[in-house]
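For reference, the structure is listed below as structure tokens.
The values are calculated or read from the model by the stated rules, or taken from the named source; none is laboratory data. In this text, all values refer to a predicted model and were calculated from it rather than measured experimentally. For neighbour counting, all protein chains shown are included, and Cβ atoms are generated from backbone atoms with ideal geometry for every residue, glycine included. Just the protein is used for accessible areas: all its heavy atoms, side chains included, with ligands, DNA and RNA removed. Shrake-Rupley method; radii C 1.70, N 1.55, O 1.52, S 1.80 Å.
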Amino acid sequence: PYVPQFYLDQQGIMWLAIIKGLYAFNESSNVCRHWKTIPGNTSSLSADGLLTLCPDPTEPEKYLWVGTEGAGLNRFNKLNGICLHLEEKDGLPNNVVYCILADSLKNLWLSTNRGLCCFNPEQKTCRHFTDDDGLPGNEFNRNSAMQLQNAELMFGGVDGFVIFNPAAVLQKEAPASLVFT
């Protein structure tokens, strides 16, 4: 099957995100484990269609962040298989999460169908960026992201790509809302 993304962790486990769930292959023991959505179980993966993986920026030995094709973001506990689900109702701009990259400030940057999202895993807060903020467009693509050697992040979308320094972007204040009295 098509493997959108894989990740080799510090313990030598190969994690695979595919359209049929999450797989972990331990080459030294030759054991492969599989996790998928279990209907009615809110601690399983929120969907089987997975697009991206990213180790947790603070606890990579414990957590893996998983982006789905329409069911939001999952924080997967590698030790027990329990997932925390985050969706639009929790502040995500969209439930399609194409790519996830961690920055040096321990934030996760998510590319979606409604722009980029800077997600702070510790505080569980989101800050959204769209074409109103200077992005070339709001719809991004799967497998179109990378961290550059200078810590800048690059995301590709249907209208081009964007390269930015996360620390510089986050230093800028969000535009103030106008209030008429």
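I want the local charge near residue 96. Using Cβ-Cβ distances under 11 Å, sum +1 for each Lys or Arg and -1 for each Asp or Glu among the other residues.
On the way: positive: 114, 142; negative: 69, 87, 88, 139.
Neighbour charge sum, excluding residue 96 itself: -2.
Please work out the FRET efficiency for the pair residue 124 and residue 9, using the Cβ-Cβ distance as r and a Förster radius of 22 Å; give the result to the nearest 0.05. Could you put the intermediate results ahead of the total?
Details: r = 23 Å, r/R0 = 1.04.
With R0 = 22 Å, the Cβ-Cβ based efficiency is 0.45.
Quick one: ranking 34, 85 by accessible area, 1.4 Å probe, largest first, what do you get? List each step's numbers first, then the result.
On the way: 34 85, 85 50 Å².
My answer, sorted largest first, is 34, 85.
Rounded to the nearest 10 Å², what accessible area does residue 7 show when all protein chains are kept and the probe is 1.4 Å?
Roll a 1.4 Å probe over it and residue 7 shows about 50 Å².
Given R₀ = 30 Å, FRET efficiency for residue 27-residue 89 by Cβ-Cβ distance, to 0.05?
Numbers: r = 39 Å, r/R0 = 1.30.
Computed FRET efficiency for residue 27 and residue 89 comes out at 0.15.
Tell me, what is the 1.4 Å probe accessible area of residue 27, in Å² to the nearest 10?
Surface open to solvent at residue 27 totals about 140 Å².
Over all pairs of distinct alpha carbons, what does the Kirkwood formula give as the hydrodynamic radius of the chain, in Å? Mind dumping the intermediate values first?
Details: mean 1/r = 0.0595 Å⁻¹.
The Cα-based Kirkwood calculation yields 16.8 Å.
Place a label point 7 angstrom from the Cα of residue 143 along the Cα-to-Cβ direction, then list the residues of region 61-76 whose backbone nitrogen is under 16 Å away.
Within reach of a label on residue 143, which here means backbone N under 16 Å from a point 7 Å along Cα→Cβ, region 61-76 contributes 69.
Roughly how many Å² of residue 146 are accessible to a 1.4 Å probe, to the nearest 10?
Residue 146 exposes around 90 Å² with every protein chain in place.
Quick one: ranking 133, 48, 9 by accessible area, 1.4 Å probe, largest first, what do you get?
Numbers: 133 90, 48 50, 9 15 Å².
Sorted descending by solvent-accessible area, the residues read 133, 48, 9.
Ignoring ligands, DNA and RNA, what accessible area per residue does the chain give at 1.4 Å, in Å²? Let's see the in-between values first.
Numbers: 9810 Å² over 181 residues.
Normalised by residue count, the accessible surface of the chain is 54 Å².
When the helix-only estimate is applied to the chain (DSSP H runs of n ≥ 4, each -39,500 (n - 2.57), divided by the residue count), what is the mean residue ellipticity at 222 nm, nearest 500 deg cm²/dmol? The partial results should precede the final answer.
Numbers: 1 runs with 6 residues, N = 181.
Rounded to the nearest 500, it is -500 deg cm²/dmol.
Report relative contact order for the chain in percent, whole number only (criteria: Cα-Cα under 8 Å, sequence separation at least 6).
Numbers: 429 pairs, mean separation 21.6, N = 181.
Relative contact order for the chain comes out at 12 percent.
Label region 33-100 by shape, choosing from rounded, prolate and oblate, from the square roots a ≥ b ≥ c of the eigenvalues of the Cα gyration tensor; if a/c is under 1.5 it is rounded, and otherwise prolate applies when a/b is larger than b/c, oblate when it is not.
oblate
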